[in-house]
Amino acid sequence: MPGTITKRLLTLADATGAADLVFTTGGDAAWTPIADATAQSGLSARSGEIGNSAGYGEYTTSWIETSVPGAGTLTFAWKVECEFDDSGDASWDHVECFADGREFFRMDGTSGWETKEIEFDSAGTHVVRWTFVKDDYNEDVFVDRAWLSSVIWTPSEAADGVAIQVNGAAVEFETAADGKTRTATVAAGTTAEDVKVFVGGVDVTAGFKVKVEGTTATVVLREPFETARSVIAPYQAWTDNGDGNVTLNVEVVPGLYYAADSAATIEALKRPGAADPAKAGDAVVAPKQEGAQGFYKVWVSDAPIEAE
């Protein structure tokens, strides 16, 4: 009995070689994935077939877009075939690349494959769009298309750990031996509000104490929660859940790592592991300790916490 062959449709992610990225397309015509013997990978995405615009100063477009997280480098290969603007500013038919709303590259005429690179040094999501643009004139000798291939996103090392930004730009910093205190040289006039701390591209500034003195910025991971029941009233430190556990009065910052435990004495605590960062809405829960000498402790870290 013959077997069944299932054929999966080629996607824009396949065609661009960026399986981990999500692509959308639009404008007056969509980009399509194609087999392309001229591309290094044998595949590319091609802009849609768009006609002339309605009039002078107007344009028709075909765009493809993706987004990348945090700091890193995006490389891609592209080419175009359209009329050449001999004025030098490529304001007629052309292909352009914008990232975060700013134009990085523009090309017209008939080109071979060219490789370009964009570096992002800040956290958050960066939107990248490639657009083929058509004016109101057609010489009927060009195919009027653009092609995109070999899109590669390489996160920076800082994106996997702590990154410090001042006024939106990444800065180099030194980390103290305890791993909690970091210092960076900043411009005169910088304030604590100008400094942001990111872990894995997530803003975790709320989990740090930030201080700026002169041209030195210091960020310190907030101290872990630690209390003895005999010292702090229970209602100030925790809430009894009624199920053998208590919820500790700790502000949880999404993106940081938290581990909690309780024991008759602090010395008896064994630090539990916390492999995943906190999410919005998470709470810190520990087993309830009975008696006046019950202790509760929370460890906070900007990296996964290993169990002792």
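Read-outs throughout are calculated quantities, based only on the coordinates presented, and are distinct from any laboratory measurement. Worth saying up front: this structure is predicted, and the values here are computed from it rather than measured. We place every Cβ from the backbone using ideal geometry, glycine too, and count neighbours over all the protein chains shown.
Data for the structure
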item: Entry for Cα Rg over 2.2 N^0.38 Å (calculated from the structure that is shown) out of (1) 2.23; (2) 1.41; (3) 1.66; result: (2)
item: Rounded FRET efficiency, nearest 0.05, which uses the C-beta distance separating LYS279 from SER156 and R0 of 22 Å; result: 0.40
item: FRET efficiency, 1/(1 + (r/R0)^6) with R0 25 Å, evaluated for SER111 and ASP136 via beta carbons; result: 0.65
item: Value at 222 nm in deg cm²/dmol, rounded to 500, when DSSP H runs of n ≥ 4 in the chain each add -39,500 (n - 2.57); result: -500 deg cm²/dmol
item: With eigenvalues of the C-alpha gyration tensor scaled by 5 and rooted, the range 52-138, Å; result: 26, 14, 10
item: Environment charge of GLY26, counting only residues whose C-beta is closer than 12 Å and scoring Lys/Arg +1, Asp/Glu -1; result: -1
item: In the range 131-214, the chymotrypsin sites (Phe, Trp or Tyr not before Pro) that fall in loop regions by DSSP, at most 14 other Cβ within 10 Å; result: TYR137
item: Cβ-based charge dipole, the chain, positive-most Cα from SER149, VAL212, ALA286; result: ALA286
item: Charge dipole (debye, nearest 20) of the chain; +1 at Cβ of Lys and Arg, -1 at Cβ of Asp and Glu; result: 1480 debye
item: Förster radius 51 Å - calculated FRET efficiency between LYS209 and GLU119 (Cβ-Cβ, nearest 0.05); result: 0.95
item: Too-long pairs where the Cα-Cα distance tops 21 Å, listed order kept, from LYS211/LYS297; LYS196/LYS279; LYS211/LYS279; LYS116/LYS196; result: LYS211/LYS297; LYS211/LYS279; LYS116/LYS196
item: D_trans [Stokes-Einstein, Kirkwood Rh over alpha-carbon pairs] for the range 264-308, 10 °C, 1.306 mPa s, µm² s⁻¹; result: 130 µm²/s
item: Equivalent ellipsoid dimensions for the range 14-66 as semi-axes, Å, which come from the Cα gyration tensor, largest first; result: 25, 13, 7
item: Length added when fully stretched, ILE266-ALA30, from 0.36 nm per residue minus Cα-Cα; result: 78.7 nm
item: Local electrostatic count, ARG46, Cβ distance below 12 Å [Lys/Arg +1, Asp/Glu -1]; result: -2
item: Dipole of the range 42-133, positive end: most advanced residue of HIS126, GLY101, VAL80 [Cβ charges, Cα centre]; result: HIS126
item: Dipole magnitude of the range 36-146, debye to nearest 20 (Cβ charges: Lys/Arg +1, Asp/Glu -1, about Cα centre); result: 540 debye
